[in-house]
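The structure appears right after this line, and notes come after that.
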Amino acid sequence: MQQFLESNEFFNQQHPKLENWLRQIKGSNEREKAVSIFYLVRDDIRYDPFTFLEGTTSLSSDFCLNNKVGYCIPKAALQVTLSRAIGIPARLGLADVRNHLSSSKLDKLLQSDIFTMHGYVEQYLDGQWVKSTPTFNKELCERANLKPLDFDGIHNSIFHQYTADGNKHMEYLTDHGFFNDMPLSFIKKNFALHYPHISIYFCNDFIGERKC
């Protein structure tokens, strides 16, 4: 389990702002603390899918701590980082999903309703790996008529298939499995494969065709 407790540049346990977040974690056991972490990340970091255009730096837990905003991967990275910092083994999961509620602005940018490299989290609790995704904050869900995901630390909590009024929401297409570290080359490859038309806009050598 040691590999799922380590700190690095993407799951950075040395960030100066992390201590304040750690003080906000509540609970008397690992399961309760894992649940507390989920809600902290879900609602205290605003979801913004366009931050992925910032490139490699946007993937890390540091990005969320510095900006209080992020998309699915950095929000998952922060959940992993907080978990590891208090001794809960945690790892990143990646999947390709079809978002039936994607905005027209995002659809225009991606030219696709498929979002590759959707990030989720697996935490090791009470002898089993439990999945959750803290991506959509409560305020955003309310605006989209979508019930925000809850998490009890026992059952997997991934996106609902339908909105509150019965319309389709998130459809999982391919699960790429879990990673103990940020699989940067794998992420680059998939973004280039799915969105080649916008690769020139990526900074920090995220795709490899341009640097800021």
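Condition first: among the basic types (Lys, Arg), part of a strand (DSSP E or B) and surrounded by fewer than 18 Cβ atoms within 10 Å (Cβ to Cβ). Can you find one or more residues in region 44-58 that meet it?
Within region 44-58 (the criterion being among the basic types (Lys, Arg), part of a strand (DSSP E or B) and surrounded by fewer than 18 Cβ atoms within 10 Å (Cβ to Cβ)), the answer is yes, since at least one residue qualifies.
With the checklist (1) surrounded by fewer than 16 Cβ atoms within 10 Å (Cβ to Cβ); (2) in contact (Cβ under 8 Å) with a residue 40 or more places away in the chain in hand, flag the one item Thr133 doesn't pass.
Status for Thr133: all satisfied but (1).
Does region 10-26 hold any residues that are loosely packed, with under 14 Cβ neighbours inside 10 Å and either basic (Lys, Arg) or part of a loop (DSSP other than H, G, I, E, B) (or both), and which are they?
Answer for region 10-26, where residues must be loosely packed, with under 14 Cβ neighbours inside 10 Å and either basic (Lys, Arg) or part of a loop (DSSP other than H, G, I, E, B) (or both): Gln14, Pro16, Lys17, Arg23, Gln24, Lys26.
Answer with yes or no whether Phe38 is crowded, with 24+ Cβ neighbours inside 10 Å, touching a residue at least 60 places away in the same chain (Cβ under 8 Å) and either on the phi > 0 side of the Ramachandran plot or assigned to a loop (DSSP other than H, G, I, E, B) (or both).
Judged against the criteria, Phe38 is not a match.
Given the residues Ile187, Ile158, which is the only one that is modelled with pLDDT under 90 and either more than 30 Å from Glu6 (Cβ to Cβ) or buried (at least 16 other Cβ atoms within 10 Å of the Cβ) (or both)?
Going through Ile187, Ile158 in turn, the sole match is Ile158.
Each row is one residue, and each column tells you yes or no for (1) under 17 Å from the mean Cα position of the chain (by Cα); (2) assigned to a strand (DSSP E or B).
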| residue | (1), (2) |
| --- | --- |
| Asn66 | yes, no |
| Ala77 | yes, no |
| Arg84 | yes, no |
| Val97 | yes, yes |
| Leu106 | no, no |
| Met117 | yes, yes |
| Gln123 | yes, yes |
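If I go through region 112-128 residue by residue, how many of them are crowded, with 16+ Cβ neighbours inside 10 Å and in contact with a strand residue (DSSP E or B) (Cβ under 9 Å, 6 or more places away or on another chain)?
Counting residues in region 112-128 that are crowded, with 16+ Cβ neighbours inside 10 Å and in contact with a strand residue (DSSP E or B) (Cβ under 9 Å, 6 or more places away or on another chain) gives 11.
Hey, could you check region 143-152 for residues that are touching a helix residue (DSSP H, G or I) at 6+ places or on another chain (Cβ under 7 Å) and either aliphatic (A, V, I, L, M) or within 19 Å of Cys72 (Cα to Cα) (or both) and say which is surrounded by the fewest Cβ atoms within 10 Å (Cβ to Cβ)?
Among them, the one singled out is Lys147.
The values are calculated or read from the model by the stated rules, or taken from the named source; none is laboratory data. Predicted, not measured: the structure shown is a model, and the values here were computed from it. Please note: Cβ atoms are built from the backbone with ideal geometry, for glycine as well, and neighbour counts cover all protein chains shown.
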